[in-house]
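Each value in this text was obtained by applying a stated rule to the coordinates, not by laboratory testing. Just so we're clear, the structure is a prediction, and the values are computed from it rather than from any experiment. All Cβ positions, glycine included, derive from the backbone under ideal geometry; neighbour counts span all protein chains shown.
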Amino acid sequence: MQKQNKLDYFKIGFIIVCAFLLQTYLVPVLEINIWRPDLILIIILFIGYKYGAISATIAGFILGIFQDSLSVSPVGISSFANCTVGFLAGSIREYKFKSNTAYLFTILLLLLHGFLFYLIYHIKTETTYTYLIFTRIFPNTIYTFIIWLISSYFFKSMMEEST
């Protein structure tokens, strides 16, 4: 059992590094206008669904700090949004929902991440929240959800509960 845990940590670490590299180098190529998928958030959701709230919260915090350090956003905004979504994804894992309900919760978690990030990031700007919702939050949520659907099809073993 101890060897399996070490292998799981290695897998998580490898997937995190790959997602971070893909987010840094591939996502700018996939960007449509100002809309971009969040591969790091997808990995945090996968970790939450497979390994639980604690692992997803830790991964969300670490990846959020890395994201903030490479962007112009203040340090902590991505970390807060990623931790919150990771914790909730790990928490709803306990309920073992059917796939349609899991898809709904995934969309809701992606929306929550968008709301937390953009509403905090633009708190002192002249931008209206309605503008942010329709130009940033909804399109990024849809784009990230489509990429999540594609990746969940190819990585079904990550979605299944570890035994």
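The table below gives the values:
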item: Pairs of Lys in the chain closer than 20 Å at Cα, counting only those 8 or more apart or on different chains; result: 10
item: Interchain or long-range residues, amide H under 5 Å from GLY52's placed H; result: none
item: Karplus (6.51, -1.76, 1.60) ³J(HN,Hα), θ = phi - 60°, over segment 83-96, in Hz, Gly and Pro reported as x; result: 4, 4, 5, x, 4, 5, 5, x, 6, 7, 4, 4, 7, 6
item: Proxy reagent accessibility, fewest Cβ within 10 Å first, across GLU126, GLU31, GLU94; result: GLU126, GLU94, GLU31
item: Computed P(r) (all Cα pairs; the chain; 5 Å bins; percent); result: 2, 9, 17, 23, 22, 14, 8, 3, 1, 0, 0
item: Cα shape, segment 29-95, gyration tensor, a/c 1.5 rule; result: oblate
item: Exposure proxy order (Cβ contacts within 10 Å, fewest to most) of PHE117, PHE145; result: PHE145, PHE117
item: GLU31-LYS124 pseudo-label distance in nm [points 7 Å out on the Cα-to-Cβ vector]; result: 2.5
item: Computed FRET value (nearest 0.05) for PHE14 with PHE138, which takes r as the C-beta separation and R₀ as 22 Å; result: 0.10
item: Cβ-based exposure ranking for ASP8, ASP38, in which fewest neighbours within 10 Å come first; result: ASP8, ASP38
item: Phi-based couplings in Hz for segment 48-59 (Karplus 6.51, -1.76, 1.60; Gly and Pro marked x); result: x, 5, 9, 10, x, 5, 5, 4, 6, 5, 5, 4
